[in-house]
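Okay, structure first, notes after.
The values are calculated or read from the model by the stated rules, or taken from the named source; none is laboratory data. In this text the structure is predicted, and so the values were computed from the model without any measurement. Cβ sites come from the backbone with ideal geometry, for glycine too, and all protein chains shown count toward neighbours.
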Amino acid sequence: MRAYTEKIREIARRLLEACTVERVLGFRRGSVPMMNAPCFVKTPAEAANLVWDSNCGINLANYLTSRSEKIGIFAKGCDSRNIVTHIIENKIRREQLVIIGVPCHGMIDRHRIAAMADGEIREVVEDENNIIVQGDGFKKVHNRHDVLQANCAVCTHRNPVIYDELVADLVEEPGDVDRYRDVREIEALSAEGKWDFFDDLLHDCIRCYACRNACPLCYCPTCFVDESRPQWVGKSQDPVDVRTFHFLRAYHCAGRCTDCGACERACPVGINMRVFTKKLEKDCLEKFGWEAGLSLEARPPLDAYRPDDPDDFIR
Amino acid sequence: MGIEPGRLQFSWISSAEATKFVEVAQAVTETVKALGPNTHFVKHEAKVA
Ligand code: SF4
Ligand code: SF4
C-alpha cells in the first residue's frame, strides 16, 4: 500500500503542476484509526497529504455531484462504477474528469475490527497480508482477508472499469463468488419471517441518515425523508417510519447501486442495510441482465423499455 | 418485505376496460378479505402514560 501512496502523491502532484485539473480528490489520514477522510487537494505541495491503505472505503464519486471544475479522482472498482453512473445521470461530464484507477485489494471492516478489540483502538497499521490493531494494553493481528468489509469479500469488480491511468497493475478478479447467499436466505423466509427479520435488522437505527449521506446515488437536492410538503414519511423513530425510509431509499438505488458498501461503513450502529440494495441488485441481474456502472453506452433498466421486460406480476 | 403475497397487487387496466376493472376489484377485495385485517405498516398512536 505504501507503493500506492507514493504513486498517488506523484500523480496528483504531476496533474496539479501541469494544471491538467483544478483539484484532485483522494484520501488523507483520518483523525481516528480506520477512518481515512476524503479530501480535495488543490496545490502540488498538498499532494503529500494523500494516502492509500485499506481504510479508503468511502466512495469518492459522492463528491462529484454537479461540480463544474476539472477534477482528478482516484477510483477503486466501485468508485469507478459510480463515476460511470454519475456520468450517465448527467451529474458530471466525462471531459471534466481525469480518472486515476486504483486496482483494489478490498477495504477492511471497521465495525468488525472494533468489535474484536479488547478496548479502545489507538492505532491500526497494515502490511501486505496483515492488519495490526493496537490499543491500551492489547495488540491483535488479523489476516486482512478475514476482516474485509462484507461487500469487498464478494466484490467481483475490483479493477476500475473506466480510467485514464492506473496507480498499479490490474489485480486478478475473483472468479467464482457467490454474491447473493445472504439475499437468498432472506428470500426463503415466510412473509412473517421477513417481517421479523427486518424488524430486528432495523431495531437500532437512529435515523441519522449517515448511510444516505455516504451514498453517491443519494444526491437529490431534497431527499424524500426531508420533504414536508407533502410529507412522504413520518420523521419519528416509529418502526414503520424507519422501515419506510430504508425500503424507499433502497428502491431509489435500484439499478444504480454498485454495492460499494459506503452506507454500511458509515452507519454508527453497524446496521447491514445493504441487504435491501443487494436484493434489488440481484433482481436487476436476474431479470434484466444488468450490473450497474459498467458501461457509458448502455442505459439502465429503469430508463429503457424492452417488450420482453418481465411483467408477470401485473394482471 | 414482510407483507403477505396477495395484499399487494398490480394490474394494468385501460379506461375502456370496465369489465376488467370490476373483475380485478372484486378479486382483490376477496383476496384481501381472506387474508384478514392488516397488522403490518400500521402506525399506532404514541401511548401516553
Ligand atoms: S467493493 Fe470492490 S472495488 Fe470497492 S472497495 Fe471493496 S473490493 Fe474494492
Ligand atoms: S446510518 Fe445507520 S443509524 Fe443512521 S439512518 Fe442509516 S441505518 Fe440508521
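Looking at region A:152-191, which of its residues are within 14 Å of another protein chain (Cβ to nearest Cβ) and surrounded by 12 or more Cβ atoms within 10 Å (Cβ to Cβ)?
Residues satisfying the conditions are A:183, A:186, A:189, A:191.
For region A:107-150, name all the residues that are in a loop (DSSP other than H, G, I, E, B) and among the hydrophobic types (A, V, I, L, M, F, W, C).
A:107, A:117
Check region A:230-237 and report whether any residue there is in the same structural domain as residue A:24 (by TED's automatic domain parsing) and either at pLDDT 95 or above or more than 30 Å from residue A:89 (Cα to Cα) (or both).
Among the residues of region A:230-237, at least one is in the same structural domain as residue A:24 (by TED's automatic domain parsing) and either at pLDDT 95 or above or more than 30 Å from residue A:89 (Cα to Cα) (or both), which makes the answer yes.
Considering every residue within region A:231-249, establish whether at least one is out of contact with any helix residue (DSSP H, G or I) (no Cβ under 9 Å at 6 or more places or on another chain), assigned to a loop (DSSP other than H, G, I, E, B) and touching a residue at least 24 places away in the same chain (Cβ under 8 Å).
The answer is yes; a qualifying residue exists.
Say we look at region A:243-259 and pick out the residues that are more than 19 Å from residue A:299 (Cβ to Cβ) and not hydrophobic (A, V, I, L, M, F, W, C); which of these is surrounded by the fewest Cβ atoms within 10 Å (Cβ to Cβ)?
Within region A:243-259, the match that is surrounded by the fewest Cβ atoms within 10 Å (Cβ to Cβ) is A:244.
Considering only residues that are basic (Lys, Arg) and outside any helix (DSSP H, G or I), which ones fall in region A:199-224?
Result: A:207, single match.
Could you list, in sequence order, all residues of region B:1-45 that are away from chain A (no Cβ under 13 Å) and within 30 Å of residue A:235 (Cβ to Cβ)?
Within region B:1-45, B:32, B:37 meet the criteria.
Working only within region A:1-26, note down all residues that are closer than 17 Å to residue A:97 by Cα and under 23 Å from the mean Cα position of the chain (by Cα).
Passing the criteria: A:8, A:12, A:23, A:24, A:25, A:26.
For the list (1) part of a loop (DSSP other than H, G, I, E, B); (2) at pLDDT 95 or above, I need the number of the one condition that residue A:8 fails.
(1)
Being small (Gly, Ala, Ser) and closer than 17 Å to residue A:312 by Cα is the filter here, so list the residues in region B:1-26 that pass it.
B:6, B:11, listed by residue number.
Assess whether residue A:227 counts as being over 19 Å from the mean Cα position of the chain (by Cα), more than 14 Å from chain B (Cβ to nearest Cβ) and closer than 24 Å to residue A:75 by Cβ.
no
Restricting to region A:158-198, count the residues that are part of a loop (DSSP other than H, G, I, E, B), more than 30 Å from residue A:8 (Cβ to Cβ) and of a type in the set (D, E, K, R).
Residues in region A:158-198 being part of a loop (DSSP other than H, G, I, E, B), more than 30 Å from residue A:8 (Cβ to Cβ) and of a type in the set (D, E, K, R): 2 in total.
Take region A:52-74 and flag every residue that is crowded, with 21+ Cβ neighbours inside 10 Å, touching a residue at least 60 places away in the same chain (Cβ under 8 Å) and of a type in the set (Val, Ile, Thr).
A:58 - this is the single residue of region A:52-74 that is crowded, with 21+ Cβ neighbours inside 10 Å, touching a residue at least 60 places away in the same chain (Cβ under 8 Å) and of a type in the set (Val, Ile, Thr).
Scan region A:109-136 for residues that are under 22 Å from residue A:9 (Cβ atoms) and not charged (D, E, K, R) and jot them down.
A:124, A:125
Go through A:105, A:86 for me and flag whichever is within 16 Å of ligand 1 (Cβ to nearest atom) and either out of contact with any Ser or Thr (no Cβ under 8 Å at 6 or more places or on another chain) or closer than 24 Å to residue A:148 by Cβ (or both).
When all the criteria are applied, what remains is A:105.
Surrounded by 12 or more Cβ atoms within 10 Å (Cβ to Cβ), more than 16 Å from ligand 2 (Cβ to nearest atom) and basic (Lys, Arg): does that describe residue A:212?
Taking the combined requirement at face value, the residue does not satisfy it.
Looking at (1) under 17 Å from the mean Cα position of the chain (by Cα); (2) of a type in the set (Lys, Arg); (3) farther than 21 Å from residue A:77 by Cβ, can you tell me which one residue A:256 breaks?
The number of the failed condition is (3).
Name the residue that is farthest from residue A:105 (Cα to Cα), counting only residues in region A:134-190 that are basic (Lys, Arg) and within 15 Å of ligand 1 (Cβ to nearest atom).
Taking the candidates together, the pick is A:179.
Would a scan of region A:110-118 turn up a residue that is of a type outside the set (A, V, I, L, M, F, W, C) and either touching a residue at least 40 places away in the same chain (Cβ under 8 Å) or under 23 Å from residue A:166 (Cα atoms) (or both)?
Yes, there is a match, as at least one residue in region A:110-118 is of a type outside the set (A, V, I, L, M, F, W, C) and either touching a residue at least 40 places away in the same chain (Cβ under 8 Å) or under 23 Å from residue A:166 (Cα atoms) (or both).
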